[in-house]
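The values are calculated or read from the model by the stated rules, or taken from the named source; none is laboratory data. A quick note: this is a predicted structure, and the numbers were derived from the prediction, not measured. Ideal geometry is used to build each Cβ from the backbone, glycine not excepted, and the neighbour counts take in all protein chains shown.
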Amino acid sequence: MSIGYWALKLLNSLLLAQLNSLPTTHYPLPITTMIKHKDQRVGVFVDVQNMYHSAKHLYNGNVNFQEILKTAISGRKLIRAVAYGIVSPAGEEKKFLEILKNQGFEVKVKDLQIFPGGAKKADWDVGMAVDAIKMADKLDVVVLVTGDGDFIPLIHYLKENKGCLVELISFERSTSSKMIEEVDDYIDLGKEPGKYLLKGQRKIRR
């Protein structure tokens, strides 16, 4: 297992420990459509690698991150929009990441690590979770753009400890169904691939 995997497991354990220290009385919330209003402070956190690979696998296409950002904001007050990317030794991703900056994202980058034997490490799971927690006190809504089910403990923590609403944006076909159940609002990009994929790219039928 990679160091990142164990670091994420440790973070999840810490979050769950804090959740377990809360009072155990829970009151079921009515199932309603979440109301979005212009005064909500929004933070958007984008798992670029997860979204890139989902679009490639499902549609053989590339994600329109600018359109996703518009959907995530939905006319509300954007506080931060952070995109987490990986740069390979060849640096081919740098131009793409520069485009994200021009679209309104703060871009955080890690170098792809290649270990002896060919193993590769390229994920931002821990960093993305830590940033969301650090910013949560200044946010009403946290929007996660990812299909990675490892973020479920983060969702619990933000809702229970920070009082944030948590929204999720992803391709449903490559998203943890459990994570979809846990969030306050979910948008499936797969329902409008023409809107959320770059022009001229079409779905592959399987």
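Report yes if some residue within the range 150-161 is in contact (Cβ under 8 Å) with a residue 40 or more places away in the chain, under 19 Å from GLY85 (Cα atoms) and surrounded by fewer than 24 Cβ atoms within 10 Å (Cβ to Cβ); otherwise report no.
Checking the range 150-161: at least one residue is in contact (Cβ under 8 Å) with a residue 40 or more places away in the chain, under 19 Å from GLY85 (Cα atoms) and surrounded by fewer than 24 Cβ atoms within 10 Å (Cβ to Cβ).
Of everything in the range 79-106, what is aliphatic (A, V, I, L, M) and either modelled with pLDDT under 95 or loosely packed, with under 12 Cβ neighbours inside 10 Å (or both)? Give them in sequence order.
Step one: list which residues in the range 79-106 are aliphatic (A, V, I, L, M), which gives 79, 81-83, 86-87, 90, 97, 99-100.
Those that are aliphatic (A, V, I, L, M) and either modelled with pLDDT under 95 or loosely packed, with under 12 Cβ neighbours inside 10 Å (or both): ILE86, VAL87, ALA90, LEU97, ILE99, LEU100.
Quickly run through the range 155-178 and pick out the residues that are over 11 Å from the mean Cα position of the chain (by Cα) and hydrophobic (A, V, I, L, M, F, W, C).
Once the filter is applied, which keeps residues that are over 11 Å from the mean Cα position of the chain (by Cα) and hydrophobic (A, V, I, L, M, F, W, C), the range 155-178 yields LEU158, CYS164, LEU165, PHE171.
Output the residue which, of all residues in the range 127-149 that are modelled with pLDDT of 95 or more, part of a helix (DSSP H, G or I) and not hydrophobic (A, V, I, L, M, F, W, C), is nearest to ILE86 (Cα to Cα).
Of everything passing the filter in the range 127-149, ASP131 is nearest to ILE86 (Cα to Cα).
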